[in-house]
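Read through the structure below, which is laid out as structure tokens, and then see the notes.
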Amino acid sequence: MGLNNLRPATGNGRKLYIETYGCQMNVGDSEIVVSLMQADGYFYTEDIGEADVILINTCSIRDNAEQRIWGRLKEFKRYKRAKPGLLIGVIGCMAERLRESLMEQEQIVDIVAGPDSYRDLSKLAKDAASGTRGVNVMLSTEETYADVSPVRLDKNGVSAFIAIMRGCNNYCTYCVVPYTRGRERSRDPQTIVREARELFDAGYREVTLLGQNVNSYSWNGKGFADLLEMVADINPLLRVRFATPHPKDISDRVLEVMAATPNICKHIHLPAQSGSTRMLEQMNRKYTREWYLDRVAAIRRHMPECAITTDLIAGFCGETPEDHAATLSLMREVGYDFAFMFKYSERPGTQAERTMDDDIPEDVKTQRLNEIIALQNELSLESNRRDVGKRFEVLVEGESKRSSEQLFGRTGQNKVVVFDRGSYKPGDYLTIEITDCSSATLMGRPV
Ligand code: 5AD
Ligand code: SF4
């Protein structure tokens, strides 16, 4: 804050609009960008029509994510026609991946800023306004924006994300993230605890600690388990979640801390990607199917009630029908509560793109993905049916999408529960008995 006061107000009250695509890390980054730009004299607006600067925070994880953003950039043309001088900036992973070519391909782009250049954004906007190209895609080994207080854009007021680290060193062969977000680095735990405490004091009741591989969080001898304890210690009424641990090194110590701490939610998102050890090796995941199942067994041993969810990729290079069957059997064996499921999408510059053949035909990828989705629907329904008749502590988040007469909240296991509104409000904790379910939602009544 003190530092920000010394910066010249280059924004001069001009209005900033920002649109965010991709992962939760991007959501958090947009909140940092708004904070930095406000400190430089910009006003944030939710109305694209009145914007002087439009920023689009982008995702490169799969080709369809990038295609959506290209489509959106084309739509921005009419705003630019209506308002000469309007600046359009592409920030985030696509900015990092495509750099200057973004400006050449899409004549309307004025600013390009990668994930580690956000402190430079208002200067880039100034350069662009005076006709020079506003490009900065330098990656850093140190930037964590630790001192920046994010401006919360999602106004639910109950649940917020906190980035605890940035970048990734794992180089899974299919993944573009290490190239777009750079080397892994951890953020000072004091600044994380301070941010979580400020959120709690402002009425928030849940924080999700974010990193590409939270197990490798490290700061002066403190590891992820220590950080979890520090954040959970702030207040028993503050729920703590985290994403994403890597199966290769989720430790028993983290599981012990989770089991011993009531306000750390009993949910682990453990991306498997494939159930075939041969595929896992091709993906450079550094674990086998057996290792993964051993970690699942350890989770169940420490916390029998813990939800386990995952990410799965269908149709990676060289995937045989047997490899695919191994993914299906892993899903059954674990009995996932929920999964994000994707078709493999070759990304330029990754090791898979450089050294492997994207040889699974599109229709086979689609068919395998559909089988994975159908099985997960069954597993999710089974998982929800097991909850009917049980009681859960639910944190109320807001109005149900389907009816203003109902509210929704989440269990510690991260399942959505819908119930009659009563006189409850977001931020309340309720004990709810589950009375019914679909594969996506639990229905219940407060007791
Ligand atoms: N193709 C398909 N899915 C991918 N993911 C990452 N890279 C790719 C890709 N090239 C998925 C992984 C990861 C999630 C965030 O996105 O499952 O865990
Ligand atoms: Fe990508 Fe693997 Fe890093 Fe996750 S751990 S961001 S999948 S390289």
Lys286, Lys155, Lys80, ranked by accessible area, largest first (probe 1.4 Å): Lys155, Lys286, Lys80
Overall dimensions of the chain by Cα: Rg and Dmax, Å: 22.5, 65
Per residue accessible area of the range 391-446, 1.4 Å probe, in Å²: 52
Label-point separation in nm, Val151 to Lys77, each point 7 Å along Cα→Cβ: 3.0
Efficiency of FRET from Cβ geometry, Thr141 and Gln107, R₀ 51 Å, rounded to 0.05: 0.90
Estimated D of the range 156-265 in µm² per second, where Rh is the Kirkwood radius over Cα pairs and Stokes-Einstein applies at 37 °C, 0.692 mPa s: 229
Loop GluC sites (Glu not before Pro), the range 127-211, which have at most 11 other Cβ atoms in a 10 Å radius of their Cβ (DSSP): Glu142
Accessible surface of the range 15-136, 1.4 Å probe, proportion on carbon and sulfur as whole %: 48
Pairwise label distance in nanometres, Gln67 with Ser130, each label 7 Å out on the Cα-Cβ vector: 4.2
FRET efficiency, 1/(1 + (r/R0)^6) with R0 25 Å, evaluated for Gln190 and Ala260 via beta carbons: 0.60
Cα point-scatterer Debye curve for the range 15-136, base-10 log of I(q)/I(0) at q = 0.16, 0.18, 0.22, 0.23 Å⁻¹: -0.67, -0.88, -1.41, -1.57
For the range 267-387, accessible area per residue (1.4 Å probe, heavy atoms of protein chains only), Å²: 43
Isolated Cys in the chain, by beta carbon distance under 4.7 Å: Cys23, Cys59, Cys93, Cys168, Cys265, Cys306, Cys317, Cys437
Residue-normalised accessible area of the range 105-195, given per residue in Å² at a 1.4 Å probe: 39
Global form of the range 391-446, assessed from the alpha-carbon gyration tensor, a/c cut-off 1.5: rounded
The chain: calculated mean residue ellipticity at 222 nm from DSSP helix runs of at least 4, using -39500 (n - 2.57): -11000 deg cm²/dmol
Apportionment of accessible area to carbon and sulfur, the range 267-387, percent (1.4 Å): 52
Extension gain, Ile48 back to Phe340 (0.36 nm per residue minus Cα-Cα distance, nm): 102.0 nm
Area of Thr132 that stays accessible when all protein chains are in place (1.4 Å probe, Å², to 10): 80
Inter-site label distance for Trp291 and Ala440 at 7 Å from Cα along Cβ, in nm: 3.6
Accessible-area composition of the range 156-265, carbon plus sulfur, in percent [1.4 Å probe]: 47
Additional length obtainable on full extension of the chain from Asp357 to Glu333, 0.36 nm per residue less Cα span: 5.6 nm
Full-stretch length increase - Lys425, Ala202 - with 0.36 nm per residue and alpha-carbon distance subtracted: 78.7 nm
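The values are calculated or read from the model by the stated rules, or taken from the named source; none is laboratory data. No experiment lies behind these values; they were computed from the predicted model shown. Every residue, glycine as well, gets a Cβ built from its backbone with ideal geometry; the counts of neighbours run over all protein chains shown. Calculation scope for accessible area: heavy atoms of the full protein, side chains included, ligands and nucleic acids excluded. Shrake-Rupley method; radii C 1.70, N 1.55, O 1.52, S 1.80 Å.
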